[in-house]
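This report concerns only the one structure given below.
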Amino acid sequence: MGDDAEPQEGFVAPQLREEFPGLGLRYLMIEHGSGRAPRQVKKRLAELSNRFSGPQAINLRHQSVPWAYRVFYRHIGLDPDEQPTPVEAIALERMKRGGFISRSLLDDALTIAIIESGVALRAFDAERVEGPLGIRPTAPEEGLEGRPGALPAGTLVIADQARPLGLLFGATASGRGVTPSTRSMTLVGLKVKGVPEIAVQEAIWLAVDVMRA
């Protein structure tokens, strides 16, 4: 799949479709690695940091898209005040550090796209992904690579056709994430009830555009 393809719709296990209407996933493979962010990306990150003030961070959770993730967190037993949603986690870090800190091209692109869209995004090494991606519950005794022991049966994960790639909101399986040696990556956008489909696709393209800068 080339960089100009449309983000694909991932599968959602049938029982999850019934339990969580609106749950979905879009993903796009791009022929791009990460590495250090170029000057223009660091500049864009700094400009975003300057625009993103304390009041914005405080009011963030009340916006429709961030609020939708907070509601979903509670539906799956997570407390968004204890384990912040992706956009709130980035906002909290900005407040603690006094600005968005450049880490890598991918991290900066995800920060920009998540803050500007509110959509939960993440990435995997495309060469370590087997087949279509989607969301499913774990089977009994199924684990996450790099994590000792089995996950509780029914844990929600992002998975390919072979294994879980990461918790739906949380850790990535060992060896499946993007590293300095990654040559292509798969960007993933997570949709929950209340998040428009177009918002997820636009968030993915925003991250792509930043990385192409």
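The values are calculated or read from the model by the stated rules, or taken from the named source; none is laboratory data. In this text the structure is predicted, and so the values were computed from the model without any measurement. A quick note on method: Cβ atoms are made from the backbone with ideal geometry, for glycine too, and the neighbour counts reach across all protein chains shown. Only protein heavy atoms, including side chains, enter the accessible area calculation; ligands, DNA and RNA are left aside. Shrake-Rupley method; radii C 1.70, N 1.55, O 1.52, S 1.80 Å.
A few remarks follow.
- For segment 166-197, a residue qualifies if it is under 27 Å from LYS43 (Cα atoms) and of a type in the set (Val, Ile, Thr), and the qualifying residues are VAL178, THR179, THR182, THR186, VAL188.
- Scope segment 168-199; condition surrounded by fewer than 21 Cβ atoms within 10 Å (Cβ to Cβ), of a type in the set (A, V, I, L, M, F, W, C) and farther than 24 Å from LEU105 by Cβ; matching residues: ILE198
- Residue in segment 79-86 that is in contact (Cβ under 8 Å) with a residue 60 or more places away in the chain and open to solvent by less than 40 Å² (accessible area, probe 1.4 Å) present: yes
- When ILE101 is tested against (1) touching a Pro at 6+ places or on another chain (Cβ under 8 Å); (2) assigned to a loop (DSSP other than H, G, I, E, B), exactly one condition is not met: (1).
- Taken together, GLU127, GLU93 contain a single residue that is out of contact with any Pro (no Cβ under 7 Å at 6 or more places or on another chain), of a type outside the set (Val, Ile, Thr) and within 17 Å of ILE158 (Cβ to Cβ), which is GLU127.
- Boolean, GLU47 is part of a loop (DSSP other than H, G, I, E, B) and not small (Gly, Ala, Ser): no
- The criterion of being closer than 15 Å to ILE90 by Cα, open to solvent by less than 40 Å² (accessible area, probe 1.4 Å) and either assigned to a helix (DSSP H, G or I) or modelled with pLDDT under 95 (or both) does not hold for ALA5.
- Across segment 59-77, the qualifying residues are those that are within 23 Å of GLU202 (Cα to Cα) and touching a residue at least 60 places away in the same chain (Cβ under 8 Å), and the one among them that is nearest to the chain's Cα centre (by Cα) is TYR69.
- Leading residue by the ranking (most open to solvent (accessible area, probe 1.4 Å)) among those in segment 133-167 that are within 11 Å of ALA13 (Cβ to Cβ) and part of a strand (DSSP E or B): ARG136
- Close pairs from segment 38-51: first closer than 15 Å to ALA109 by Cβ and of a type in the set (Ser, Thr, Tyr), partner assigned to a helix (DSSP H, G or I) and at pLDDT below 95, Cβ under 9 Å, at least 6 apart: SER49/ARG94
- Which listed residue, of PRO80, PRO21, is assigned to a loop (DSSP other than H, G, I, E, B) and within 17 Å of the chain's Cα centre (by Cα): PRO80
- For segment 21-38, residues that are open to solvent by less than 10 Å² (accessible area, probe 1.4 Å) and among the acidic types (Asp, Glu) total 0.
- Checking each residue in segment 89-116 for being surrounded by fewer than 21 Cβ atoms within 10 Å (Cβ to Cβ) and polar (S, T, N, Q) picks out SER102, SER104.
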